[in-house]
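Undergrad: One structure is given below, represented as structure tokens, and several questions about it will come after.
The values are calculated or read from the model by the stated rules, or taken from the named source; none is laboratory data. It should be emphasised that the depicted structure is a prediction, and the values quoted were computed from it without experimental measurement. Using ideal geometry, Cβ is built from the backbone for each residue, glycine included, and neighbour counts are taken over all protein chains shown. Keep in mind that these areas ignore ligands, DNA and RNA; they rest on the heavy atoms of the full protein, side chains included. Shrake-Rupley method; radii C 1.70, N 1.55, O 1.52, S 1.80 Å.
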Amino acid sequence: MSAVLMDGKALSAKVRGEILEKARALTAAGTRPGLAVILVGEDPASQVYVRNKEKACAECGFYSEKYVLPAETSQQALLELVEELGRNPSIHGILCQLPLPAHISEQAVIAAIPPEKDVDAFHPANVGHIMIGDFDFLPCTPAGVMELLDAYGIDPKGKRCVVIGRSNIVGKPMAMLLLHRHGTVTICHSRTQGLADICREADILVAAVGRAHFVTPDMVKPGAAVIDVGMNRVDGKLCGDVDPAAAAVAGYLTPVPGGVGPMTITMLMKNTLRAAEKAAR
Ligand code: NAP
């Protein structure tokens, strides 16, 4: 068997086209969606992510502001900027690129973002909404995975779903979204025993581990949908958490690059549009 490669780049381009149309209509009615992105420090990966987010804003017809602050910026100064953006009516979404330098509490900064402008959906209020299934914003990476599954007609209902990774950003909300869609979900982590056996039971296997080629072909059930969230650099080359040889066993597989990655930023644009639409009401 050779897996169908799930094309996140093509789906992303389609969704961004739809967002652009809606953003144009909203702008014509007096509200141009606006996103502020804050970067503290000089982490090269974060610089790339921020640049890609700026490009996506331009592609979707959004207004965007970028704040690049030195690594030694105080927590107080960052909180003041976030609060100022919270009051700015032309900004509908605020994103503070993580990770932040060690002297700044990420939780304090996230909590300072008004929930209605929290387009990453990391604020505890939004996390709570996701838990109870009543949400405005979905966390971008898991939301992108759900759009990919939908686009390829893969319905989690009644399926055995396994998520490897339990981070607040990916693993936990991913499991929750699959559960909302009636999947039977298992979350694995570094203390899980018998992980390979659990993975082999999965109809939908999501890898969000952060270890290159962690999922090997023998861990995949024949015909399963395998979603590779990982973004790892090995000898300067981007690679996922799933060994590409798993394509010989899986029914569907997201490539890295070109799978989940582009969808994540597109979901950020979707959340920003939604925030602007709500503000315009
Ligand atoms: P993270 O916070 O480091 O979490 C990694 C998770 O993997 C943890 O829950 C950890 O378990 C688990 N894990 C680590 N080693 C393991 C092992 N040997 N066996 C089983 N589980 C293990 O990472 P993250 O932020 O969730 O990101 C995960 C990956 O996705 C990274 O490669 C990241 O770059 C990528 N990512 C991609 C996108 C995208 O748009 N494509 C977005 C976000 C993240 P413990 O909890 O027990 O430590």
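Undergrad: Rounded to the nearest 0.05, what FRET efficiency do LEU238 and ALA151 have when you use their Cβ-Cβ distance and R0 = 22 Å?
TA: It comes to 0.50.
Undergrad: Once the convex hull of the C-alpha atoms of the range 134-190 is built, how many Å³ does it hold per residue, rounded to a whole number?
TA: It comes to 77 Å³ per residue, whole-number rounded.
Undergrad: Heavy atoms of the protein only, probe of 1.4 Å, neighbouring chains included. What is the accessible area of THR27 in Å², nearest 10?
TA: 50 Å²
Undergrad: May I ask which of LYS53/LYS172; LYS66/LYS270; LYS22/LYS157; LYS159/LYS278; LYS66/LYS278; LYS53/LYS278 have a Cα-Cα span longer than 26 Å here?
TA: Checking Cα-Cα distances, LYS22/LYS157; LYS159/LYS278 exceed 26 Å.
Undergrad: Give the residues of the range 1-26 whose amide nitrogen is closer than 19 Å to a point set 7 Å from the Cα of ALA280 in the direction of its Cβ.
TA: Residues 15-26 fall inside that zone.
Undergrad: Step by step: find N for the range 76-193, compute 2.2 N^0.38 Å, then divide the Cα radius of gyration by it. What's the final number?
TA: So the Cα radius of gyration is 1.20 times the expected 2.2 N^0.38 Å.
Undergrad: Quick one: dipole size for the chain, taken about the Cα centre, charges +1 on Lys/Arg Cβ and -1 on Asp/Glu Cβ, in debye to the nearest 20.
TA: It works out to roughly 480 debye.
Undergrad: Which shape class, rounded, prolate or oblate, goes with the range 1-127 when its Cα gyration tensor gives a ≥ b ≥ c as root eigenvalues, a/c under 1.5 marks rounded, and past that a/b bigger than b/c marks prolate?
TA: Oblate, because a/c is 1.5 or more while a/b does not exceed b/c.
Undergrad: Using amide H atoms built 1.01 Å from N in the peptide plane, name the residues 5+ places from VAL40, or on other chains, whose amide H lies under 5 Å from its own.
TA: Excluding prolines and chain starts, which carry no amide H, the hits are LEU69, GLN97.
Undergrad: Give me the number: length gained by fully extending THR186 to LEU5, i.e. 0.36 nm times residue separation minus the C-alpha to C-alpha distance, one decimal in nm.
TA: Once the chain is fully extended between THR186 and LEU5, it gains 62.8 nm.
Undergrad: Would you give the gap between the C-alpha center of the range 228-263 and the C-alpha center of the range 43-61, rounded to a whole Å?
TA: 21 Å
Undergrad: Here is a further query. Taking all protein chains together and a probe of 1.4 Å, list LYS270, LYS14, LYS237, LYS117 from the most accessible to the least accessible.
TA: LYS237, LYS14, LYS270, LYS117
Undergrad: Right, something else. Classify the range 190-281 as rounded, prolate or oblate, taking a ≥ b ≥ c as the square roots of the eigenvalues of its Cα gyration tensor: rounded when a/c is under 1.5, otherwise prolate if a/b is larger than b/c and oblate if not.
TA: prolate
Undergrad: Along the positive direction of the dipole of the range 1-87 (beta-carbon charges: Lys, Arg +1; Asp, Glu -1; about the Cα centre), which of LEU11, TYR49, THR73 reaches farthest?
TA: LEU11
Undergrad: Could you check the simple spin-label distance between GLU54 and LYS14, using points 7 Å along Cα→Cβ, in nm with one decimal?
TA: For GLU54 paired with LYS14, the spin-label model returns 3.1 nm.
Undergrad: Which ³J(HN,Hα) values in Hz, rounded to whole numbers, follow from the phi angles of the range 2-18 under the Karplus curve 6.51 cos²θ - 1.76 cosθ + 1.60, where θ = phi - 60° and Gly and Pro get x?
TA: Working through the residues one at a time gives 10, 4, 6, 7, 8, 8, x, 5, 5, 5, 4, 4, 5, 5, 5, x, 5 Hz.
Undergrad: Given labels modelled 7 Å from the Cα in the Cβ direction, how far is it in nm from HIS103 to GLN75?
TA: 1.2 nm
Undergrad: Here's another thing I want to ask about it. Can you give the accessible area of GLU42 in Å² (nearest 10), computed on protein heavy atoms with a 1.4 Å probe?
TA: 140 Å²
Undergrad: Quick one: grab the alpha carbon gyration tensor of the range 74-131, order the square roots of its eigenvalues as a ≥ b ≥ c, and give me rounded if a/c is under 1.5, else prolate or oblate depending on whether a/b is larger than b/c.
TA: oblate
Undergrad: So what is the calculated 222 nm ellipticity per residue for the chain, using -39500 (n - 2.57) for each DSSP H run with n of 4 or more, over all residues, to the nearest 500 deg cm²/dmol?
TA: Mean residue ellipticity, 222 nm, calculated: -13000 deg cm²/dmol.
Undergrad: Given a 1.4 Å probe and the protein chains all in place, what does the accessible area of GLU80 round to, in Å² to the nearest 10?
TA: Result for GLU80: roughly 100 Å² accessible.
Undergrad: Show me, for the range 267-281, the HN-Hα J-couplings you get by feeding each phi into the Karplus relation (A = 6.51, B = -1.76, C = 1.60, θ = phi - 60°), rounded to Hz, glycine and proline as x.
TA: Rounded to whole hertz, the list is 5, 5, 5, 5, 5, 5, 4, 4, 4, 5, 4, 5, 5, 6, 6.
Undergrad: Next question, about the same structure. Full-extension gain between ALA125 and GLU83, please, as 0.36 nm times their residue separation minus the C-alpha to C-alpha distance.
TA: Additional length available on full extension: 13.4 nm.
Undergrad: Next question, about the same structure. For the charge dipole of the range 168-264, defined by +1 on Lys and Arg C-beta atoms and -1 on Asp and Glu C-beta atoms about the Cα centroid, which residue among GLY240, MET176, THR254 has the Cα displaced farthest towards the positive pole?
TA: Of GLY240, MET176, THR254, it is MET176.
Undergrad: Note the full-extension length gain between SER46 and GLN193 as 0.36 nm times their separation in residues minus their Cα-Cα distance, in nm to one decimal.
TA: Roughly 49.6 nm would be gained on extension.
Undergrad: Related question: Using a Förster distance of 22 Å, how high is the FRET efficiency between ALA25 and ALA111, based on the Cβ-Cβ distance and rounded to 0.05?
TA: 0.10
Undergrad: Something else: Could you state the principal axis extents of the C-alpha atoms in the chain, from the largest down, to the nearest angstrom?
TA: 52, 42, 37
Undergrad: In sequence order, what are the phi-derived ³J(HN,Hα) couplings for the range 49-66 according to the Karplus relation 6.51 cos²θ - 1.76 cosθ + 1.60 with θ = phi - 60°, rounded to whole Hz, with x for glycine and proline?
TA: 4, 5, 4, 5, 5, 4, 4, 5, 4, 4, 4, 9, x, 8, 7, 9, 10, 10
Undergrad: Next up: Under a 10 Å cutoff between Cα atoms, tell me which one of GLY17, GLY223, GLY153 has the largest fluctuation in the Gaussian network model of the chain.
TA: The residue with the greatest mean-square fluctuation here is GLY153.
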